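*Asks:* Here you go, one structure.
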Amino acid sequence: MPLATTTEAGVPIQGPSATLIYDDWYPALRTDRLRRKKLVTAMLLGIPLVLGRRADGRVFALRDSCPHRGIPLSVGWFDGNRVTCRYHGWEFEPCGGQCQLIPSLTSEDKLDATRIYATAFPCEERDGHAWVYVPGAGSGRRTSTALPAVPELRKFGPRYRAAFLTAHLPCNVDHGIIGLMDPAHGPFVHQAWWWRSRASIREKTKRFEPIPEGFRMSAHAPSGNSAPYKLLGVYGQPVETTIDFVLPNRRTEIIRCGDKWFSSLTTVTPVTASTCRIDVVAAWNVFYRVPFVTPIAKFFGAKFVRQDQVTMIQQAEGLKHNPSLMLIDDADKPAKWYFALKQARLEGSSKHPMDGAVELHWRS
Ligand code: FES
Ligand SMILES: [Fe+2]
């Protein structure tokens, strides 16, 4: 199924856009793509970026635009230490963006090249993601020191296996996120023999509590009607799951059973105001000694993410026409909290939509 939705004339139709949250960390791309002397482009919140890895191992992200005349820096050269613009050869140190050389200057010139900067974004490597801090327009150059902590997948020991999945979604970040937290689509979208069947729908009660800029589905024994959780039960100890959502876009799920654990971090990142990308990083020490667990987990995980992706491609067809939509109780309550939390963040207020723990009920 094609990702781009087009008119009969082949012109792409943009779905409705979302307001974006700046001044936070977003994953731009996987750092295994950043090899020696290579420049790789990415798009975050509609901003074109060029990323690379310096000879000393540090990753960097620059706006993919030369401050001189705007040609993409990604079409230039990178020797492992400096990015050279293809047009007039200005050279930039890529982590801070400082210009080091303007080849056309003569001894007559008063211009100090080092006072010129390409736009560099704070960029850090965690869990194989290149996380980029995207400041709001006009907030000036930022250094990594005064920023919130770089998001990181929680791990509960030094020995684990890990996997990564990604999918582009043709809808805006809000739809991506509420799809991620929506408890009622499971039996319909993720119907499969190895997961669960529609016939297994039953009433659920889940306790939610407020956490800073988000909410937590309190530790609970996971649904008895889903196969992967049944598999975890083989260890014969109680299984506990905690799911957190925090702004701007992060869902973490932690499953613990004695000293066995599974941990995942899922993010829905705005690529542009009307499209997004879902990334999942996961680590576990469950079945640590069983061979082939990583490819098997990847296979099932990929199917799962693909099911969400296909559904959102279909949804995008409908959203092109800007229909009015609804959020219902209680299954859409997390989506309502998300919108309220986002609104508070955009207004710079610390208002939280929950004033304490609540129980939600739905059938799934
Ligand atoms: S446009 Fe980059 S050096 Fe002139
Ligand atoms: Fe889903």
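*Asks:* For the range 87-115 and the range 51-68, what is the separation of their C-alpha centers, rounded to whole Å?
*Replies:* Comparing the Cα centres of the range 87-115 and the range 51-68, I get a distance of 16 Å.
*Asks:* Would you mind putting 323-330, 105-112 in packing order, based on average other-beta-carbon counts within 10 Å, highest first?
*Replies:* My ranking of the peptides, most packed first, is 323-330, 105-112.
*Asks:* Here's something else I'd like to know. For the cross-link pairs K260/K298; K155/K336; K155/K260, which exceed 21 Å when the distance is taken from alpha carbon to alpha carbon?
*Replies:* K155/K336
*Asks:* Suppose the Debye formula is applied to equal point scatterers at every Cα of the range 86-170; what is log10 I(q)/I(0) at q = 0.18, 0.20 Å⁻¹?
*Replies:* Debye curve over Cα of the range 86-170, log10 I(q)/I(0) at q = 0.18, 0.20 Å⁻¹: -0.95, -1.04.
*Asks:* Specify which residue in the list W284, M326, A120 is farthest towards the positive end of the charge dipole of the chain, using unit charges on the beta carbon of Lys, Arg (+1) and Asp, Glu (-1), about the Cα centre.
*Replies:* Farthest along the dipole direction, towards plus: W284.
*Asks:* What are the residues whose amide H is under 5 Å from the amide H of L44, where those residues sit 5 or more places off or on another chain and H is modelled from the backbone?
*Replies:* L49
*Asks:* Here's another thing I want to ask about it. Can you run phi through the Karplus equation (6.51, -1.76, 1.60; θ = phi - 60°) for the range 246-260 and list ³J(HN,Hα) in whole Hz, with x for Gly and Pro?
*Replies:* For the range 246-260, the Karplus-derived couplings read 9, 4, x, 7, 10, 10, 10, 10, 10, 10, 10, 8, x, 8, 8 Hz, x marking Gly and Pro.
*Asks:* Taking amide H atoms as placed 1.01 Å from N in the peptide plane, list the residues 5 or more away in sequence, or in a different chain, whose amide H sits under 5 Å from that of T119.
*Replies:* Result for T119 returns R63.
*Asks:* How would you rank 88-98, 270-280, highest first, on the average number of other Cβ atoms within 10 Å across their residues?
*Replies:* Per-residue Cβ counts within 10 Å, averaged per peptide and sorted highest first, yield 270-280, 88-98.
*Asks:* Can you return the aspartates and glutamates within cross-link range of K204? Criterion is Cα-Cα under 16 Å, with same-chain partners fewer than 8 residues away left out.
*Replies:* Filter leaves D182, E240, D329, D330, D332, E359.
*Asks:* Per residue of the range 22-33, what does 6.51 cos²θ - 1.76 cosθ + 1.60 with θ = phi - 60° give for ³J(HN,Hα)? Whole Hz please, x for Gly and Pro, Karplus curve as stated.
*Replies:* So the Karplus estimates, Gly and Pro as x, are 9, 6, 7, 8, 9, x, 8, 6, 7, 6, 5, 7 Hz.
*Asks:* Using a cut-off of 20 Å between alpha-carbon atoms, which aspartates and glutamates can reach K110, once sequence neighbours fewer than 8 places away in the same chain are excluded?
*Replies:* Reachable aspartates and glutamates: E91.
*Asks:* Now a separate question. Where a Cα-Cα gap under 26 Å defines reach, which lysines qualify for K342, not counting those fewer than 8 residues away within the same chain?
*Replies:* K206, K320, K333, K351
*Asks:* Got a sec? Charge dipole of the chain, +1 on Cβ for Lys and Arg, -1 for Asp and Glu; which of A28, Y160, Q100 is way out at the positive end?
*Replies:* The Cα lying farthest towards the positive end belongs to Y160.
*Asks:* Using amide H atoms built in the peptide plane, which far-off residues or other-chain residues are under 5 Å from H129 H to H?
*Replies:* Placed amide hydrogens put T31 under 5 Å from H129.
*Asks:* Quote the charge dipole size of the chain about the Cα centre in Debye, to the nearest 20; the model charges only the Cβ of Lys and Arg (+1) and of Asp and Glu (-1). Don't skip to the answer; put the middle values down first.
*Replies:* Details: 46 positive and 34 negative charges, 225 e Å.
For the chain, the charge dipole is close to 1080 debye.
Values quoted throughout were computed directly from the atomic coordinates according to the rules given, and no laboratory measurement underlies them. What you see is a predicted model; the values in this text were computed from it and never measured. With ideal geometry, Cβ positions are generated from the backbone for all residues, glycine too; neighbour counts draw on all protein chains shown.
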